[in-house]
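Student: Pasting a structure here, questions to come.
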Ligand code: DOR
Ligand code: ZN
């Protein structure tokens, strides 16, 4: 039996679009279904100032497919040299919706990130004053800490002291991967984004039977109990949890490599995957909250008025294995099960 659901057009509250040929190649994969997205600033060099964000915003608009109404929501990359006045001007401009904190060395292009939190205290105070959210890559970089523990240790060592020092600061725990993250995100002034792939993958999917480079991302997928906690949070309808795909394209040559890049490219099939997951968990009625309402409410944006329709087909649907960009081919995330849902054209 064919089944249809109609929801407000979704927003992706954590997205990597890159630049140049890659941007041109991957942007349509997001704009086909999504109305808006929070655009990550980890370019080389990073998007640090309002002027950088304006220039990147213009490049994204120039790369949009014809007649697209997609709105990029810009972020600034927090460095130890970030100027509080520039951040305030960026927020006042309306163009910049958040500041992104990468602990230096945590992930792709994070080398300009923060080592000493005292050096960014004035910026964080200003953000608390004006209500501009801080998006956090929540992993410690201490080489002594096991990679599977880095999120939980970040909560104890970094996030709890940071919240005590800046009590009014609104923060987003990005791409949480643990039951610890789910529990902590219910604290005051906190919310969390959850990716599509972390609702599907545990660490066995990554490592058993051969290493799967296209399932490697950061934070890395954890044990099954953590995946189940994420799944329960995402499908609960709780307003503190919303979609941030962290769709992060890298060309295949850099994924299938002796030292492969981190990132799953999920822009193309995220909505069909989510429909199938929410259906499997008996939570289709909460899909719209997760993809289209909770994130917009957190960022003070009106919910989208345009809608999309998702249809469940009897026959498994096919999606491209790869997106061919001028920068090179990018493999589309394979959920590992047949997909029956499709977004209507
Ligand atoms: O898997 C990831 N890829 N995690 C990140 O934090 C960064 C991202 C990227 O930019 O490739
Ligand atoms: Zn990311």
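The values are calculated or read from the model by the stated rules, or taken from the named source; none is laboratory data. Keep in mind that what you see is a predicted model, and the values were worked out from it rather than measured. We place every Cβ from the backbone using ideal geometry, glycine too, and count neighbours over all the protein chains shown.
Student: When you scan the range 156-180, how many residues do you find that are more than 14 Å from ligand 1 (Cβ to nearest atom), more than 20 Å from residue 118 (Cβ to Cβ) and touching a helix residue (DSSP H, G or I) at 6+ places or on another chain (Cβ under 6 Å)?
Tutor: Adding up the residues that qualify gives 3.
Student: Please go through the range 95-121 and give me each residue that is within 16 Å of ligand 1 (Cβ to nearest atom), surrounded by fewer than 16 Cβ atoms within 10 Å (Cβ to Cβ) and either over 15 Å from residue 158 (Cβ atoms) or modelled with pLDDT of 95 or more (or both), ordered by number.
Tutor: If the condition is that a residue be within 16 Å of ligand 1 (Cβ to nearest atom), surrounded by fewer than 16 Cβ atoms within 10 Å (Cβ to Cβ) and either over 15 Å from residue 158 (Cβ atoms) or modelled with pLDDT of 95 or more (or both), then 111 is the only one that fits.
Student: Do we have residue 58 as surrounded by fewer than 14 Cβ atoms within 10 Å (Cβ to Cβ) and either within 16 Å of ligand 1 (Cβ to nearest atom) or at pLDDT 95 or above (or both) here?
Tutor: So residue 58 fits the description; yes.
Student: Looking at 87, 99, which one is in a helix (DSSP H, G or I), touching a strand residue (DSSP E or B) at 6+ places or on another chain (Cβ under 7 Å) and in contact (Cβ under 8 Å) with a residue 12 or more places away in the chain?
Tutor: After applying the criteria, what remains is 87.
Student: Further question on the same structure: What do you reckon, is residue 69 touching a residue at least 24 places away in the same chain (Cβ under 8 Å), away from ligand 2 (no atom under 16 Å from the Cβ) and assigned to a helix (DSSP H, G or I)?
Tutor: no
Student: Related question: Find the residue count for the range 171-189, including only residues that are in a loop (DSSP other than H, G, I, E, B) and free of Cβ contacts under 8 Å to residues at least 60 places away in the same chain.
Tutor: So the answer is 8.
Student: Another question about this same structure. Applying the selection to the range 219-273, what residues are away from ligand 1 (no atom under 16 Å from the Cβ), surrounded by fewer than 21 Cβ atoms within 10 Å (Cβ to Cβ) and under 23 Å from residue 325 (Cβ atoms)?
Tutor: If the condition is that a residue be away from ligand 1 (no atom under 16 Å from the Cβ), surrounded by fewer than 21 Cβ atoms within 10 Å (Cβ to Cβ) and under 23 Å from residue 325 (Cβ atoms), then 258 is the only one that fits.
Student: Out of (1) away from ligand 2 (no atom under 16 Å from the Cβ); (2) in contact with a helix residue (DSSP H, G or I) (Cβ under 6 Å, 6 or more places away or on another chain), the odd one out for residue 219 is which?
Tutor: Going through (1) away from ligand 2 (no atom under 16 Å from the Cβ); (2) in contact with a helix residue (DSSP H, G or I) (Cβ under 6 Å, 6 or more places away or on another chain) one by one, residue 219 breaks only (1).
Student: Which one is surrounded by the fewest Cβ atoms within 10 Å (Cβ to Cβ) among residues in the range 140-153 that are touching a helix residue (DSSP H, G or I) at 6+ places or on another chain (Cβ under 9 Å) and either in contact (Cβ under 8 Å) with a residue 40 or more places away in the chain or at positive phi (or both)?
Tutor: 148
Student: Across the range 239-262, what is the number of residues that are more than 15 Å from residue 39 (Cα to Cα) and in contact (Cβ under 8 Å) with a residue 24 or more places away in the chain?
Tutor: The total comes to 14.
Student: I would also like to ask the following. Which numbered condition trips up residue 141, out of (1) assigned to a helix (DSSP H, G or I); (2) in contact with a strand residue (DSSP E or B) (Cβ under 6 Å, 6 or more places away or on another chain)?
Tutor: (1)
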